[in-house]
Amino acid sequence: MALSASKHRSGVPDRAPLIGITSYLEQAQTGVWDVRASFLPQVYLNGVTDAGGIAVVLPPQPVDAEIAAGIVAALDGLILSGGADIDPARYGQEAHERTAPPRADRDAFESALLEAALAAELPFLGICRGAQLLNVELGGDLIQHLPDVVGDDRYQLGAGEFNRIDVEVDAGSRIADVLGDDRTARADLYHHQAIGALGAGLTVTSRTADGIAQSLELTSVPFGIAVQWHPEENAQDRRLFAGLVAAAREYRSARTLHAERPTASAPTPDSPHSTPREQL
């Protein structure tokens with residue numbers, strides 16, 4: 001999909017929304033190099049650009065609340081991508097023997113970003129790990145190893161093979177609005193963990209037949225959606241990405257209009273309340 005620029009009321013072309021996507025730090029080999037590098041599958045980038053957004057990769061890095069707020073202020077939307085298991089200590093549990101070693105750098109970075117995004121009401125989409133992070137950061141917990149609950153590996157077949165099923169979201173939900181008349185989506189599943197106790201303010205909007213949550217939403221913000229599946233793997237269905245990009249465009253427009261609106265505390269130079277030049 002080609003990106004098109006609409007005209008802002010000032011007459012200056014309005015750029016496409018900037019969508020930040022969190023990424024991994026992994027050991028990577030390319031040419032003669034074998035180094036630790038920021039890594040993100042291209043399918044995430046394609047999901048954003050196909051929907052008309054501009055993808056910006058966000059690698060894990062040291063941040064505090066102020067830096068995280070600055071990152072969020074530069075974005076119009078955020079995707080919390082999939083990846084390694086969240087440290088169980090963040091939700092008060094000991095690690096299961098099948099839980100992967102913690103990635104403290106990523107957990108801390110994404111936690112700070114999410115907190116800043118929630119404070120700014122930045123539109124966001126959580127994908128797989130991203131849905132789990134949202135739940136944990138709002139006080140929920142996780143099922144650390146699904147085979148212990150369901151009895152098999154149906155949710156993570158292994159060897160990079162996604163288990164594809166159809167999921168139908170609840171009518172009247174924000175996700176249903178995004179999906180439109182057809183509330184079903186092909187869910188590409190690859191997760192051995194799942195949502196446990198639900199975090200504050202979250203609503204489960206779809207479950208598989210065995211009761212495992214597959215999508216969440218946070219109704220206290222204009223656009224806060226998270227899915228346990230991997231929509232980036234389905235190039236024929238970009239509805240979730242399109243919904244995020246549309247919300248990001250609205251968010252950016254509202255923020256721009258607010259910034260342009262004059263305030264009583266900042267009089268114009270011609271105002272009788274402004275300071276005379278000879279006193280400056």
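Every read-out reported here was derived from the displayed coordinates using simple, explicitly stated rules and does not represent laboratory data. Since the structure is predicted, the reported quantities are computational estimates derived from the model, not experimental observations. Here Cβ is always computed from backbone atoms with ideal geometry, including for glycine, and neighbour counts include all displayed protein chains.
What span do the alpha-carbon atoms of the stretch 61-102 cover on each of the three principal axes, reported in whole Å from largest to smallest?
Taking the Cα atoms of the stretch 61-102, the three principal extents are 40, 20, 16 Å.
Based on Cβ point charges of +1 for Lys and Arg and -1 for Asp and Glu, what charge dipole magnitude is obtained for the chain about its Cα centre, in debye rounded to the nearest 20? Could the numbers behind the result be given before it?
Values: 22 positive and 38 negative charges, 191 e Å.
Here the chain has a charge dipole of around 920 debye.
Under 20 °C and 1.002 mPa s, how fast does the chain diffuse according to Stokes-Einstein, given a Kirkwood radius computed over C-alpha pairs? Answer in µm²/s, whole number.
The Stokes-Einstein estimate is 106 µm²/s.
Enumerate the calculated ³J(HN,Hα) couplings along the stretch 98-115 in order (Karplus 6.51 cos²θ - 1.76 cosθ + 1.60, θ = phi - 60°), each rounded to whole Hz, writing x wherever the residue is Gly or Pro.
9, 7, 5, x, x, 10, 4, 5, 6, 4, 5, 5, 6, 4, 5, 4, 5, 4
For every helix of n ≥ 4 consecutive DSSP H residues, a contribution of -39,500 (n - 2.57) applies; sum these over the chain, divide by its total residues, and give [θ] at 222 nm rounded to the nearest 500 deg cm²/dmol. Working shown, then result.
Details: 7 runs with 76 residues, N = 280.
Per the formula, -8000 deg cm²/dmol.
Three principal axis extents, largest first, for the C-alpha atoms of the stretch 18-167, in Å?
45, 41, 36
Taking θ = phi - 60°, what integer Hz values does the Karplus form 6.51 cos²θ - 1.76 cosθ + 1.60 yield along the stretch 252-259, in sequence order, with x for Gly and Pro?
Once rounded to whole Hz, the list reads 5, 4, 5, 5, 5, 4, 5, 5.
Please list, in chain and number order, the residues 5+ apart from ILE195 or on another chain whose amide H is under 5 Å from its amide H, with Hs placed from the backbone.
ILE143, ALA213
What is the mean projected area of the alpha carbon convex hull for the stretch 167-261, to one decimal in square nanometres?
Convex hull of Cα atoms, orientation-averaged projection: 7.4 nm².
Mind listing the phi-derived Karplus ³J(HN,Hα) values for the stretch 166-180, rounded to whole Hz, using 6.51, -1.76 and 1.60 with θ = phi - 60°, and x for any glycine or proline?
Values per residue, Gly and Pro as x: 9, 10, 10, 8, 5, 4, x, 7, 5, 5, 4, 4, 5, 6, x Hz.
Taking H as built 1.01 Å from N, whose amide H comes closer than 5 Å to the amide H of ALA37, not counting residues under 5 places away?
Hits under the 5 Å cutoff: GLU26, GLN27, ALA28.
Which residues' amide hydrogens lie under 5 Å from the amide hydrogen of ARG164, considering only partners 5 or more residues apart or on another chain, with H built in the peptide plane?
LEU189
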